[in-house]
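The values are calculated or read from the model by the stated rules, or taken from the named source; none is laboratory data. All values reported here derive from a predicted model rather than from experimental measurement. All Cβ positions, even for glycine, are placed from backbone atoms using ideal geometry, and neighbour counts span all protein chains on display.
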Amino acid sequence: MTNIARTVFICLTAAFVLAAVQSAEAQKTPDVPPAPVPVQILTARKIFIANGDSNPFLGAPNLAYNEFYASLKSMGVYEFAQTPADADVVLEIRFEVVFAATNVLRLAILDPKTGILLWRITEQVQTWAREATGRKNFDEAMANLVSDLNKLIVSPRATTGATTPGP
């Protein structure tokens, strides 16, 4: 290839790359402001935690429910209702095997009066080869799920002035 042909080739390649980058930049969606969090979630004082029919995890069939309940109880933010009808929101926690090697923790936040799903939070549990690693990965995903719930209820309250739930 001659020097002129090589230079033309390089220039054309650079032009195509530049055009592709500019096209990709033009196709970026504009920043969309966050939609509001349902008021039932922000004003909830009493919660009911439902065991969402979790798959057994490492031989413990109710591990997701028990760990989630203990995490929220230790926070001291909510009162715990004895029945869904007495709660402001229902938090349904479940551990699911989605695919052979994909496990997730799912939290559904429901309005007990209508049964409508208000919000869903999902955290992936990393796969494991050993039981100890599986438990560590589960605990990490549970901590992330509780953190996501805290971000959901705390951040909007700080910006909107909504009342913080208390016992």
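Observations, loosely collected:
- Listed by first and then second residue, the pairs with beta-carbon distance under 7 Å, at least 6 apart or on different chains, first residue in region 59-88 and closer than 19 Å to D148 by Cα, second surrounded by fewer than 14 Cβ atoms within 10 Å (Cβ to Cβ), are G76/P167.
- Within the option set R157, R120, R130, being modelled with pLDDT of 80 or more and either under 22 Å from V37 (Cα atoms) or buried (at least 18 other Cβ atoms within 10 Å of the Cβ) (or both) holds for one residue only, R120.
Yes/no per residue for (1) outside any strand (DSSP E or B); (2) farther than 19 Å from A70 by Cβ; (3) aliphatic (A, V, I, L, M):
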{"residue": "V90", "(1), (2), (3)": "no, no, yes"}
{"residue": "I93", "(1), (2), (3)": "no, no, yes"}
{"residue": "E96", "(1), (2), (3)": "no, yes, no"}
{"residue": "T114", "(1), (2), (3)": "yes, yes, no"}
{"residue": "W119", "(1), (2), (3)": "no, yes, no"}
{"residue": "E123", "(1), (2), (3)": "no, no, no"}
{"residue": "A129", "(1), (2), (3)": "yes, yes, yes"}
{"residue": "K136", "(1), (2), (3)": "yes, no, no"}
{"residue": "N144", "(1), (2), (3)": "yes, no, no"}
